[in-house]
1. Would you work out if region 128-284 is rounded, prolate or oblate? Take a ≥ b ≥ c from the square roots of the eigenvalues of the alpha-carbon gyration tensor; rounded if a/c is under 1.5, else prolate when a/b is larger than b/c, oblate otherwise.
2. Tell me, what is the percent relative contact order of the chain, built from C-alpha pairs under 8 Å that lie six or more residues apart?
3. State whether region 239-292 is rounded, prolate or oblate according to the following rule on the C-alpha gyration tensor (a ≥ b ≥ c being the square roots of its eigenvalues): a/c under 1.5 gives rounded; otherwise a/b larger than b/c gives prolate, and the remaining case gives oblate.
4. How large is the dipole of the chain about the Cα centre if only Lys and Arg carry +1 and Asp and Glu carry -1, each at its Cβ, rounded to the nearest 20 debye?
5. To the nearest 10 degrees, how steeply does helix 180-191 sit against the main Cα axis of the chain, on a 0 to 90 scale?
6. Quick check: the angle from helix 434-454's long axis to the longest principal axis of the chain, C-alpha only, nearest 10 degrees?
7. Given charges of +1 on the Cβ of Lys and Arg and -1 on the Cβ of Asp and Glu, with all other atoms neutral, how large is the dipole of region 314-397 about its Cα centre, in debye to the nearest 20?
8. Taking the 0 to 90 degree range and rounding to the nearest ten, how far is the long axis of helix 255-267 tilted relative to the main principal axis of the chain, both from C-alpha atoms?
Amino acid sequence: MQTDSSFTFVLFGGTGDLSMRKILPALFEAHRAGGMLAASGKIVAVARHVSDRAGYLEWVNEHVKPHVSKNGVDEAAWASFLQRIEFAKIDLGNPEDFVLLRDAIKDLPGIRVFYLATGPSLFVPICHALASVGLNENARIVLEKPLGYDLKSSNAINDAVGEIFAEEQIYRIDHYLGKEPVQNLLALRFGNALFEPLWRREWVESIQITIAEELGVEARGDFYDNTGALRDMVQNHLLQLLSIVAMEPPHSMDSDSVRDEKLRVLRALKPIDPDEIGKVAVRGQYHAGVIRGTSVPAYATEPGVKPDSTTETFVALKVEIENWRWAGVPFFLRTGKRLADRVAEIVVNFRAVPHSALGASALRAGANRLVIRLQPNETIRLYCLAKQPGEGMNLASVHLDLAFDRFFREGQMEAYQRLLLDVINGRLALFVRRDEQEAAWRWVEPILNEWAASHKPPKPYAAGTWGPAAASAMLAQHGTCWLEEEN
Ligand code: BG6
């Protein structure tokens, strides 16, 4: 991917965790790969706790370098990457600092990208400050999640940012949309005629989407305790994956065609009936347990978490989509921290044959199934039945495998790298449009409200398991189970 689009990439929150782990390593990878970033492109890091460029580069060497290039750092590339980095010390309370920022970048060529890797409470003040010195022109603004706490607060941010930047200047990041296998899902669905006729209620019995993590809340206890899994993972990543799985074929891959189709799915989600919530939503919180032989503490004893916290670290939901393609097909969504494994996958369970001349195993649900493994070990696997060799007609499950690293040995790109290049090159398709975000909040909010009103604690689960038993019971009511329960 060659580019000559020059840019000035201004990174607010330049010494934050995200800059350290994701943003700067992704920019380095793009730089190292050669030809992806215009040679004249500059990165201007903004931070408060560092005094000058030399101090910032020291910080980058110490904190960012360990996160780049798993296979060792290319020192020459690293040295030339550092030359792209400038530094601006900005105190948000001091308007003069933005005048200095403007003067510092005014002669730099190309599009300006303002990346707000800060808490959402700073989004609006930063946008106002940028506008006060005219920096909102010829610019793109990137907003990190969480974008608000609920529909109201997210609308307040979007309204305020929207007064300063037009919607086509606003890039709302959901890093799941940048993951290679998620892109591949689009290729699988819309590049192959094979699956499309089957991708509907007549042939699909149920769909599962899981994002399971082994990690706990790490150093983010304080943030997480005010957020919870529904806001942290469902409102954005899981609903975005769902909309990609369920969307109609777009007219083209341009940004609005794709986003229009995703929006239709989000708007067709069957609203949650508060009286039914116990049947369609499970929330859990981890207790102490063992993960891969190591004891881990209970959520309520993690630093920054209130000892009597009722924040959920696990959510499982049954979702329905009210349209012709999907009416009546349950979509089971699940995410949690401190689960038994780190895995993100989509499981499409096809219906069994209507009549089996080959014995009962052909009538078994899930005999035909597509498993799209997003991470780790990205693969797409199509399960079918085949005759076991030898006497008689005994069927066994076999699968066809598309393991990406076998077919494509090079060119894999981290989500952030792809998304940052898209911002610099003005491609909006993989960013969340305001109306999508609103539709997702609108659907999620009744669950949040109901949980808050019920005063019931989340169901406990031991760290290192697959969550509360109620999550399995919810699927059992539909005659199915989570994929790992079959094995
Ligand atoms: C983030 C959440 O958006 O996604 C984190 O805030 C979560 O809580 C992370 O750990 C998971 O992302 P990934 O790419 O590691 O699956």
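Only the coordinates and a few stated rules stand behind these numbers; no lab work does. Computed from a predicted model, the values in this text were never measured in an experiment. Cβ: placed from backbone, ideal geometry, glycine included. Neighbour counts: every protein chain shown.
1. On the way: a/c = 1.91, a/b = 1.25, b/c = 1.53.
Verdict is oblate for region 128-284.
2. Details: 856 pairs, mean separation 84.9, N = 487.
Computed over the chain, the figure is 17 percent.
3. Details: a/c = 4.67, a/b = 1.74, b/c = 2.68.
In terms of gyration-tensor shape, oblate.
4. On the way: 53 positive and 62 negative charges, 172 e Å.
Magnitude of the dipole: close to 820 debye.
5. With rounding to tens, the tilt is 60 degrees.
6. 70
7. Values: 12 positive and 6 negative charges, 41 e Å.
It comes to approximately 200 debye.
8. 50
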